[in-house]
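Taking it in order: structure first as structure tokens, then the write-up.
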Amino acid sequence: MDLGFLLHALIPSWNSVAILATFFAYLAIVGSILPGKVVPGVILQDGSRLHYRCNGLLSLLMLVGLLGIGAKMDYISPTVTLVLYAAGCKSSNQGSSLKPHFTGNLIQDWWFGIQLNPQFLGIDLKFFFVRAGMMGWLLINLSVLARSIQDATVSRSMILYQLFCVLYILDYFVYEEYMTSTWDIIAERLGFMLVFGDLVWIPFTFSIQGWWLLSNKAELTTAAVIANCFVFLMGYLVFRGANKQKHIFKKNPKALIWGMPPKVIGGKLLASGFWGVARHCNYLGDLLLALSFSLPCGISSPIPYFYPIYLLILLIWRERRDEARCALKYKEVWAEYCKLVPWRILPYFY
């Protein structure tokens, strides 16, 4: 492979640029005008509160419908981070969501971002990018499925993988409001890491299993299928259950957890339900879901397991950062919570 070929491969075509621009324009327009539940975010340090229009599911269904019509009629076939950095440097806003946070390290500020919740034309960019990434993941998977159907190679493994991913992505948009209380929204600033992760990493690496199944066969026994479904179900129950409990607790600290009054440490930290089992129990659910996406590929190759392996590393790194942030924020309350709930992610193991 010569340098010229490599450079040519790295330069996007005008057609791909136009498609991406159209996709972003669609999301910006329908995200602003389609009806949806307006959800208040968490209260920030300065007492302010952002509001989010949760119409992602309707936006996704409309997009898939339009693409389906376009494919039926043969119309279609089955430098942001630097701007964010410059805008953040010039911002004089002192609110928690837009106040610049400088470390003095150019690379670090560019990588992690400067502002917590930057906006453009009234659009919350962080919410916008993660929505684009999740939809992009589904569209790539549907394209892979279409190719598999075209080649008459649809297998039990492909069906399982596609089914699990569709359920996971649709669930994200059904419970989109729960995203407003996650680490990414309330604590992570918007820089290259999140933008690249949302727009490139999610759609193009989370779909590796589908690409692999296009050219590789994985024969699954009935027992293997049942076991795979069990892993997905357990992951979903833990992941969705934990996030739902946290979101409900933030809205109503007196709401029942598993039918009982919640146990609260220092009047701030929930120590009931899943959050009484492990301090980051939602990460365990996410890891089980990621594993369930790869298990349909069998064990003949490590390539389909890139996603769960990567996610394990990411979540342990994020859990360490979250622990440090919570220790600084809650001090002795966090120490008391750690004594009551000693396990970080997996009870009796880690």
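Listing for the model above:
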| item | result |
| --- | --- |
| Region 203-228 - residue that is assigned to a helix (DSSP H, G or I) and among the aliphatic types (A, V, I, L, M) and, of those, farthest from VAL130 (Cα to Cα) | ALA223 |
| Qualifying residue in region 245-266 (condition: open to solvent by 40 Å² or more (accessible area, probe 1.4 Å), more than 28 Å from CYS326 (Cα to Cα) and either at pLDDT below 95 or not polar (S, T, N, Q) (or both)) | no |
| Segments classed as helices (runs of 4 or more DSSP H), wholly inside region 76-186, with at least 2 members that are modelled with pLDDT of 85 or more and small (Gly, Ala, Ser) | 125-150 |
| Of all residues making up region 145-157, the number that are buried (at least 21 other Cβ atoms within 10 Å of the Cβ) and either of a type in the set (Asp, Glu) or under 26 Å from ASP198 (Cβ atoms) (or both) | 1 |
| Within region 288-326, considering residues that are in a helix (DSSP H, G or I) and of a type in the set (Ser, Thr, Tyr), the one most open to solvent (accessible area, probe 1.4 Å) | TYR310 |
| All positions within region 32-55 that are surrounded by 15 or more Cβ atoms within 10 Å (Cβ to Cβ) and modelled with pLDDT of 75 or more | GLY36, ARG53, CYS54, ASN55 |
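The values are calculated or read from the model by the stated rules, or taken from the named source; none is laboratory data. These numbers were taken from a predicted model, which means no experiment stands behind them. Because the Cβ atoms are built from the backbone with ideal geometry, glycine has one as well, and the counts that use them run over all protein chains shown. Only protein heavy atoms, including side chains, enter the accessible area calculation; ligands, DNA and RNA are left aside. Shrake-Rupley method; radii C 1.70, N 1.55, O 1.52, S 1.80 Å.
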